[in-house]
Amino acid sequence: MTLKALFAASATAALLLATSASAAELTVGFSQIGSESGWRAAETSVSKSEASKRKINLKIADAQQKQENQIKAIRSFIAQGVDAIFLAPVVASGWDAVLKEAKEAKIPVVLLDRDIDPAGKDLYLTAVTSDSVHEGAVAGEWLAKTVGGKDCNVVELQGTVGASVATNRKKGFDSVVAKNANLKVVRSQTGEFTRAKGKEVMESFIKAENGGKSICAVYAHNDDMMVGAIQAMKEAGLKPGKDILTVSIDAVPDIFKAIAAGEANATVELTPNMAGPAFDAIVAFKEKGTVPPKWIQTESKLYTSADEPMKVYDSKKGLGY
Amino acid sequence: MTLRIPRRGMAQALALIIILMIDRLVSPQFFNLHLQDGRLFGSVIDVLNRGTPVALLSLGMVLVIATGGIDLSVGAVMAIAGATAASLADTHSLPVVIASALAVGLACGLWNGILVAVLRIQPIVATLILMVAGRGIAQLITEGRIVTFTSPDLVWMGNGAVLGLPTPVVIALGMLLVTAAVVRGTALGLLIEATGGNARASELSGVGTRAMILSVYVWCGLCAALAGVIAAADIMGADANNAGLWLELDAILAVVIGGTSLFGGRFSLVLAVAGALIIQAMNTGILLSGYPPELNLLVKAVVVLAVLLAQSPRLGDLSRFTARWRRTK
């Protein structure tokens, strides 16, 4: 408790210092979920650098995957009178009460990375998220373009069964497959978003599909599973990236190493820079009163060997992935 | 004519054979083998190789369960040991890496053992502490990211081969032999069973139950650490969030399928490993079958239920009863 009090006191002190230094400078409170994954860590570090780029005073509260901690953090941000609150909601529901408090205090709230239940739509200013259906479609379109009109048997490594990201990335990819008669998903299993499972599932796919000879491409819902699958292909004597094309999503640093080595072909980025567009929206809202659209979609950029993979790797490896 | 009561191990052997046959049905090339880069390659090898972590865990777990305890922390210990090995791999030699990882496992086992044997905390609660905290410790070591390494020595632990067999399989086999020699070659196994059967009676008849309990948790920690090193070597990286996740449950299941009672007492090392192979044969079969992943857990549950029912003593009584009923008719 004393530690917490100390933190609160120092946070308030920092706030006072910041406000006295420059009246125009914005203070934004960011309730981050916690360090659930490397991407999350990268999002936090990019948020910090984006804030300092714009000379915005950013306060990050780590909720350690607990909604009650996020609610507490938001209440404390309201009490401190911040100019805006960023929220990466750990769950979709249960935000009404605390967001109403923010609204009454006239503090705009921006959702980052995840949306909340539609009932709360009027309680936040805008949501900056990636469209995971679109990510799947970008991956699918790259594959359709790369194979041209040739027949291509695709094996799919799904994310965790029931996770909305997995469902959506599958949906987006399937929509492209449906439009291209030459593409066919012959096998689809869950690799649970992990390297170990991605490897294990790929090992069975290779055995079930004639030693991998009838597989033309692998589509993985995230890069980590693909890194595992690449190892499985290599151990089976196949050449990933040549014998079997690969496309996955997320753009974590390690996949760029694989792309540079010619062992992976493409990845679709889930950008960790959610805070950048959110800061821009807040600045425009505060200075000119511009109300941003309810949803700001981040770019789902496709990276291949043509995008200087080692350079991207170097720029990403320090972000905490 | 009374039905002969199946000998110990029959149910497990039968279950394994039936599951392998089903695997052969869903995937005609199941038993195909060939050499690939000096290493046997085929689905059967996958079953052995992928079953290794759980088999190793079950070797420790079966002893813990035989004393009437349980160790929920093995998955987390895997993560800590894997993280330790991966962070040292590129800067230290293989013996140092493995010794450090095993030392970490030993420390974790000692912690559990002291909580259970000395402080008399219920095993499920005592090991729950490390199950939760352990993953946090692993994340601290890896700083929340996947620590990768390139050290060929450590990679060999996961992806190499000894006489064509994957290294992990050989390690697990070695551990089975060592464990069997230690507990069955001496009176140790008997003392462990006595502790689990009736701790007070054993204590009064001069068995050092406290030392027994402490040592099985230490052994369990060591086995888990070895499993963690292999899991990290397999993917050339330590994934603190996911390494060994929920594997404690698979290990307990393997022990139970192997016919060891959770109340403690009589145990079988070989059957626990057979349990691990049954679980993996089923997993590999599901992956080969091409069924949608939504069915994975359902199929698993049905098979486990069938194997456990086959072992139920009541079901044996039932068949004897129906046989008698038929006779009297």
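Each value in this text was obtained by applying a stated rule to the coordinates, not by laboratory testing. Model, not experiment: these values are computed from the prediction. Because the Cβ atoms are built from the backbone with ideal geometry, glycine has one as well, and the counts that use them run over all protein chains shown.
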Quick check of the Kirkwood formula: for chain A, what is the inverse mean of 1/r over all pairs of different Cα atoms, in Å? 21.0
Please report the antiparallel percentage of the DSSP beta bridges confined to chain A, to the nearest 5. 5
Straight-distance crosslink candidates among aspartates and glutamates, where the alpha carbon sits under 17 Å from A:Lys100 and sequence neighbours closer than 8 are dropped: A:Glu68, A:Asp83, A:Asp115, A:Asp117, A:Asp122
Would you mind estimating how fast the range B:118-227 diffuses translationally, via Stokes-Einstein at 37 °C and 0.692 mPa s with the Kirkwood radius over Cα pairs, in µm²/s? 192
Among B:Asn198, B:Gly109, B:Pro123 - extreme Cα towards positive end, dipole of the range B:38-312, charges at beta-carbon: B:Asn198
As computed over the range B:215-306, the Cα convex hull volume per residue (Å³): 127
As a percent rounded to 5, the proportion of antiparallel DSSP bridges among beta bridges in the protein assembly as shown is 20
Using per-residue counts of other Cβ atoms within 10 Å, averaged over each peptide, order A:269-278, B:283-292, A:215-224, A:51-60 from highest down. A:215-224, A:269-278, B:283-292, A:51-60
In terms of the alpha carbon gyration tensor, root eigenvalues a ≥ b ≥ c, rounded if a/c is under 1.5 and otherwise prolate when a/b exceeds b/c or oblate, the range B:40-147 is oblate
If I take R0 = 51 Å and measure r between the Cβ atoms of B:Leu140 and B:Phe263 in this structure, what FRET efficiency does the formula 1/(1 + (r/R0)^6) give, to the nearest 0.05? 0.90
When you count, for each residue, the other Cβ atoms within 10 Å and take the mean per peptide, how do A:168-179, A:135-146 rank with the highest first? A:135-146, A:168-179
In debye, nearest 20: dipole of chain A around its Cα centre with unit charges on the Cβ of K, R (+) and D, E (-)? 120
Rounded to the nearest 0.05, what FRET efficiency do B:Leu305 and B:Asn32 have when you use their Cβ-Cβ distance and R0 = 22 Å? 0.10
Let's see if you can work this out: charge +1 on each Lys and Arg Cβ, -1 on each Asp and Glu Cβ, no other charges. What is the dipole magnitude of the range A:131-218 about its Cα centre, in debye to the nearest 20? 160
Once you charge only the Cβ atoms, +1 for Lys and Arg and -1 for Asp and Glu, what is the size of the charge dipole of the protein assembly as shown about its Cα centre, to the nearest 20 debye? 1900
Cross-link partners of A:Lys171 among aspartates and glutamates (Cα-Cα below 14 Å; sequence separation of 8 or more within a chain): A:Asp131, A:Glu135, A:Glu141, A:Glu156
Within a 10 angstrom radius of each residue's Cβ in B:227-237, how many Cβ atoms of other chains show up on average? Whole number is fine. 3
For B:Ala161, residues with placed amide H under 5 Å, excluding near neighbours: B:Thr167
Convex hull around the C-alpha positions of chain B: the volume in Å³ per residue is 161
Chain B: most fluctuating residue of B:Pro293, B:Pro123, B:Pro168 per GNM, C-alpha cutoff 10 Å: B:Pro293
Rel. contact order, % - alpha carbon contacts under 8 angstrom, at least six apart, the range B:38-312: 37
Compactness ratio of the protein assembly as shown: Cα Rg over 2.2 N^0.38 Å, N = residue count? 1.07
Ratio of alpha-carbon Rg to the 2.2 N^0.38 Å globular estimate for the range A:230-321, to two decimals, please. 1.44
